[in-house]
1. Compute the relative contact order of the chain as a whole-number percentage, counting only Cα pairs closer than 8 Å that sit 6 or more residues apart in sequence.
2. Given Cα positions, please report Rg to Rh for the stretch 154-259, the hydrodynamic radius being the Kirkwood one.
3. Of the residues Tyr294, Tyr138, Tyr217, which exhibits the maximal mean-square fluctuation in a Gaussian network model of the chain defined by a 10 Å Cα contact cut-off?
4. Holding the Cα-Cα limit at 30 Å, pick out from Lys43/Lys91; Lys121/Lys244; Lys121/Lys162; Lys173/Lys203 the pairs that are longer than that.
5. How large is the charge dipole for the stretch 42-181, taken about the Cα centre, if only the Cβ atoms of Lys, Arg (+1) and Asp, Glu (-1) carry charge, to the nearest 20 debye?
6. Using only protein heavy atoms and a 1.4 Å probe, report how much of Glu50 is accessible, in Å² to the nearest 10.
7. Does the stretch 58-103 classify as rounded, prolate or oblate by the C-alpha gyration tensor (a ≥ b ≥ c root eigenvalues; a/c under 1.5 gives rounded; else a/b over b/c gives prolate, otherwise oblate)?
8. Can you find, among Gly287, Thr218, Phe134, the residue sitting farthest towards the positive end of the charge dipole of the chain, where Lys and Arg contribute +1 and Asp and Glu -1 at Cβ?
Amino acid sequence: MKKLMIGAATFALMAGAAHAADELTLQLKWVTQAQFAGYYVAKDKGFYEEENLDVTIKPGGPDIAPTQVLAGGGADVTVEWMPAALAAREKGLPLVNIAQPFKSSGMMLTCLKESGITDPKADFPGKTLGVWFFGNEYPFLSWMSHLGIPTEGGPDGVTVLKQGFNVDPLLQKQAACISTMTYNEYGQVLDAGIAEADLVTFKYEDQAVATLEDGLYTLQENLDDPAMVDKLTRFVRASMKGWKYAEENPEEAAEIVLENDETGAQTIEHQTRMMTEVAKLTAGSNGALDEADYQRTVDTLLAGGSDPVISKAPEGAWTHAISDQALQ
């Protein structure tokens, strides 16, 4: 009887282990905010659990390089902008895009109307423009290259101000224009008391130099492992379910994000506005990378002047293998 009881206990333990949820870690590109609402919603609403996944979401920050976290084994998947991902790939890190929840770019240059800028080609020369770096500068450099405007200053060129992740250079009039995202910094400018009527914005999408943002990336070795492929497929399916829920329920999504913000730095007003704007960028995406959008990104990066982010067209930088299975 004693042996039978031990056997039953062992069987129960094994059965429990067999049904344990598969663990997966996601590294975000930035801090907890509505930019990543789809993942927090998928976790909160039980979409990951329905796919037998136990997902850990790791916030990013100014001192965290998502691709390095992935390379070091600290995450299975990361959210990253394609320029940074392709640059890392060319340098030897085999990153692969497995899904693209963001269909459109939210990147803009926001200018003070008093600067007199109404047309980029005619009015940018001689001005100081705030630009984010750390891989975020490449769309800007490509844009200037397309316009034939040097970025070393002077009356015929623009002076590039390396902008922090804030809007101070515009508020302090250190720059005529600064980099903003439709869902974040632009709202910060408005919150600072500058009226929309006193601003001029230029969206990268409208200038035909936008690059893909906030894709999901993993390492090639994970795609060579059938068990990991299955796990990633379930992750993408649940994540896209989270994104579509967030699109349709922006206020609830913002509340879920706020519940996950351990810093206490976010407000419900800001996150609701952010989610409303982010929904415009995820709209139209079912999670599968659009080949035309990918090619536009590559072409833009290759046209980045004398110091392009990539020197040749990448090979094997994306796959539909995961999204095709996830969307069945």
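1. On the way: 599 pairs, mean separation 94.8, N = 328.
Rounded, it is 29 percent for the chain.
2. On the way: Rg = 19.7 Å, Rh = 17.9 Å.
Checking Rg against Rh, the ratio lands at 1.10.
3. Tyr294
4. Listed pairs above 30 Å: Lys43/Lys91; Lys121/Lys244.
5. 320 debye
6. 120 Å²
7. On the way: a/c = 1.44, a/b = 1.09, b/c = 1.32.
Rounded is the answer for the stretch 58-103, as its axis ratio a/c remains below 1.5.
8. Result: Thr218, furthest along the dipole toward the positive end.
The values are calculated or read from the model by the stated rules, or taken from the named source; none is laboratory data. Model, not experiment: these values are computed from the prediction. Note that each Cβ is placed from the backbone with ideal geometry, even for glycine, and that neighbours are counted across all protein chains shown. Remember, those area values only see protein heavy atoms, side chains included, never the ligands or the DNA or RNA. Shrake-Rupley method; radii C 1.70, N 1.55, O 1.52, S 1.80 Å.
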